[in-house]
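Engineer: Next up is a structure, given as C-alpha cells.
The values are calculated or read from the model by the stated rules, or taken from the named source; none is laboratory data. It should be emphasised that the depicted structure is a prediction, and the values quoted were computed from it without experimental measurement. Neighbour counts are summed over all protein chains in view; Cβ atoms, including those assigned to glycine, are modelled from backbone coordinates with ideal geometry. Ligands, DNA and RNA are excluded from the accessible area calculation, which covers all protein heavy atoms including side chains. Shrake-Rupley method; radii C 1.70, N 1.55, O 1.52, S 1.80 Å.
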Amino acid sequence: MKICRFIKGNEDVRIGLVTDNSTIIDLTSTGITTLQPLLEAEDGVARLQALAKNSLPRVPLSDLRLCAPVERQEVWAAGVTYLRSKTARMEESDFSASAYDRVYAAERPEIFFKSLPEKVVPTGEPVGIRRDARWNVPEPELALVINSHGKIVGHTIGNDMSSRDIEGENLLYLPQAKTYHRSCALGPWITLGTPEAAARDWKIKIEIQRNGESVFGGETSVGQIKRGFEELTCFLFRSQVFPHGAVLLTGTGIVPPDTFTLQERDVVTIEISGIGTLQNSVTMV
Ligand code: DO4
Ligand code: MG
C-alpha cells in the first residue's frame, strides 16, 4: 500500500493512494486530508485496503505534483551503517578516520539531525550542492517512517546530499556538510506495512546523468545495512520525543569514486525496488 501527498493545480495538498505507477486514488472525500492519522492508527493499512475497494476519484499521476511525504516529522539520519560508507569516509578524512571505524563497530550508532520537514525537497524538484564545497555527492538511502510511538509504519526513499570535502576536513563540520538548503530529498511516496525482513530484500539503485549521459551508476541491497531498523529507531527515540513522528534515513551503501563530484543540472535518480523512484536535478545553493 503506497500513500502520497499531492497538489493538483492551485488546490491544497491532498492525500492519495497510489494504485499503480500512473494513477492515484484521491482520498479527500473519505475525510483523509493528512498522513498523520493514518501513520498513527493501528489499522491504517486495513483502513486503506477497505477504502481502495470503493469507487473514489482517480487522478493520473501526470496531472498532479507530488509533495514530499512528510508533514511535521523531523528528519534524522543514521550514518556509517554500511561497510562501504565506513571505508569511503576513512579514506576522505585524515584525522577523523578512526571515528568512522569506531562508530561502525560501536553499540551506539551515529545519528544526526538532517532536516526540518518544510525544507525537504520532493521528487521532481532540485536538490542542492553548496557553493562553498568542491566535492558533493548524493547518498541514496532507505528512509524509515516512524510514528510518535516509535513504531516503523512505512518506508520512503531519501537522498542525504553531502559535501565530502567539508566533512573530510573536520568531523565537527558534519552539520555543515549535511544540513543546508535543499540537502534532503524524500519521496516519491510512502510504502506502508512492509516488515523489515521483506524490506531487507529490496535493491537500492542510483544513476546520475549529465547532459543526457550516465556518469555514475551503483547498486546495493538494503540487506547490507549492518544494524537492525528497530535498533536504529530505539536509539533515535532514546531520551527524545517526536510528537509528530520522525523520518530516519538509514545510511548509504553506494559511494561514487573519489574523482566524482556533482555538477549543476545533473539528474540524480534513486530507485528502491519496493517503493519507487526519487528523481531530482541538481542546483547550486
Ligand atoms: O558520518 C558521516 C555521515 C555518514 C552518512 O551519512 C552515511 O553513512 O550515510
Ligand atoms: Mg548518509
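Engineer: Of the residues that sit in segment 166-199 and are among the acidic types (Asp, Glu) and in contact with a helix residue (DSSP H, G or I) (Cβ under 8 Å, 6 or more places away or on another chain), which one is surrounded by the most Cβ atoms within 10 Å (Cβ to Cβ)?
Structural biologist: By that ranking, first place goes to 167.
Engineer: Can you name every one of the strands (runs of 3 or more DSSP E) wholly within segment 100-211 that holds 1 or more residues which are without any contact (Cβ under 8 Å) to a residue 60 or more places away in the chain and either assigned by TED's automatic domain parsing to the domain that holds residue 44 or more than 15 Å from residue 78 (Cα to Cα) (or both)?
Structural biologist: Hits in segment 100-211: 203-210.
Engineer: Still on this structure, please answer the following. If you check every pair at least six apart or on different chains, which have Cβ atoms under 6 Å apart with a residue in segment 1-18 that is aromatic (Phe, Trp, Tyr) first and a residue that is not in a loop (DSSP other than H, G, I, E, B) second?
Structural biologist: Within 6 Å, the pairs are 6/14; 6/16; 6/66.
Engineer: Evaluate segment 200-207: report whether one residue or more is more than 14 Å from ligand 2 (Cβ to nearest atom), surrounded by fewer than 24 Cβ atoms within 10 Å (Cβ to Cβ), over 29 Å from residue 13 (Cβ atoms) and among the aromatic types (Phe, Trp, Tyr).
Structural biologist: No, there is no match, as no residue in segment 200-207 is more than 14 Å from ligand 2 (Cβ to nearest atom), surrounded by fewer than 24 Cβ atoms within 10 Å (Cβ to Cβ), over 29 Å from residue 13 (Cβ atoms) and among the aromatic types (Phe, Trp, Tyr).
Engineer: I'm told residue 97 meets every condition in (1) under 23 Å from residue 204 (Cβ atoms); (2) among the hydrophobic types (A, V, I, L, M, F, W, C); (3) within 13 Å of ligand 1 (Cβ to nearest atom) except one. Can you identify the failing condition by its number?
Structural biologist: Residue 97 satisfies all of (1) under 23 Å from residue 204 (Cβ atoms); (2) among the hydrophobic types (A, V, I, L, M, F, W, C); (3) within 13 Å of ligand 1 (Cβ to nearest atom) except (1).
Engineer: Any residue at all in segment 103-125 that is farther than 15 Å from residue 235 by Cβ, among the charged types (D, E, K, R) and more than 22 Å from the chain's Cα centre (by Cα)?
Structural biologist: no
Engineer: Would you pick out the residues in segment 208-252 that are closer than 20 Å to residue 164 by Cβ and open to solvent by less than 10 Å² (accessible area, probe 1.4 Å)?
Structural biologist: Selection gives 208, 249, 250, 251, 252.
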